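A short worksheet on the structure shown next.
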Amino acid sequence: MSSDRLEEALRSTGSTLSLAESCTGGLISTLITDTPGSSDYFLGSAVTYSNHSKNRLIGVSQETLTEYGAVSEQTAIEMAEGSLKLFNSDFAASATGVAGPGGGTEKKPVGTVCIGLTNGRRTLVFTEHFEGNRSEIRKSTANKVFELLTDFILEKI
């Protein structure tokens, strides 16, 4: 798992990044900050594991959480937008999902993850379905965030 391509994209564009993480519990931030000098482009992350912290720290509306749930495209969008605003970054990404082993439903089985990306002008959201145990789902989510975010920064998506 590497954030090298993401680092290159951020450095080449002179952009900054922030995150809002739920199911990954800070793993994405850890992988980014494993790189020396990442403070040049990484402004911070809010690990908003509970609905309360999603609402209070990054502004996910209670209505969104009630109507769609924590694992939803709507919540992922509001998490990314809230992170962008909180950290005043150029780009922000979010990840919210069901890492398991419990918590899955018929509509949102274990491995369901919603990823939000924004730059303040454009916002994209993706729903992914990963296989594996809790650790594997979290790692797959981090890798997918790196891939999507890099392509978003480089305007490939």
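The values are calculated or read from the model by the stated rules, or taken from the named source; none is laboratory data. Model, not experiment: these values are computed from the prediction. Positions of Cβ are generated from backbone atoms using ideal geometry, with glycine treated the same way; all protein chains shown enter the neighbour counts.
For the range 123-153, the set of residues classified as charged (D, E, K, R) and part of a helix (DSSP H, G or I) consists of R134, E136, R138, K139, K144, E147, D151, listed by residue number. Test G120 against the criterion of being surrounded by fewer than 17 Cβ atoms within 10 Å (Cβ to Cβ), under 17 Å from the mean Cα position of the chain (by Cα) and part of a loop (DSSP other than H, G, I, E, B), and give yes or no. So G120 fits the description; yes. On the stretch given as the range 14-48, residues that are closer than 18 Å to F87 by Cα and in a helix (DSSP H, G or I) total 8.
Quick one: in the range 83-110, which of the residues that are touching a strand residue (DSSP E or B) at 6+ places or on another chain (Cβ under 7 Å) and of a type in the set (S, T, Y) is surrounded by the most Cβ atoms within 10 Å (Cβ to Cβ)? Among residues in the range 83-110 that are touching a strand residue (DSSP E or B) at 6+ places or on another chain (Cβ under 7 Å) and of a type in the set (S, T, Y), the one surrounded by the most Cβ atoms within 10 Å (Cβ to Cβ) is S94.
Is it true that L43 is over 18 Å from V125 (Cα atoms), at pLDDT 95 or above and surrounded by fewer than 23 Cβ atoms within 10 Å (Cβ to Cβ)?
On the way: over 18 Å from V125 (Cα atoms): yes; at pLDDT 95 or above: yes; surrounded by fewer than 23 Cβ atoms within 10 Å (Cβ to Cβ): yes.
So L43 fits the description; yes.
Within the range 95-105, can one find any residue that is in a strand (DSSP E or B), without any contact (Cβ under 8 Å) to a residue 60 or more places away in the chain and within 10 Å of the chain's Cα centre (by Cα)? Give the steps one after another, and end with the answer.
Applying the first criterion (in a strand (DSSP E or B)) to the range 95-105 yields 95-97.
Remaining after also requiring without any contact (Cβ under 8 Å) to a residue 60 or more places away in the chain: none.
No, the range 95-105 contains no residue that is in a strand (DSSP E or B), without any contact (Cβ under 8 Å) to a residue 60 or more places away in the chain and within 10 Å of the chain's Cα centre (by Cα).
Just checking, does the range 68-79 include any residue being within 21 Å of E7 (Cβ to Cβ) and within 13 Å of the chain's Cα centre (by Cα)? Within the range 68-79, not a single residue is within 21 Å of E7 (Cβ to Cβ) and within 13 Å of the chain's Cα centre (by Cα).
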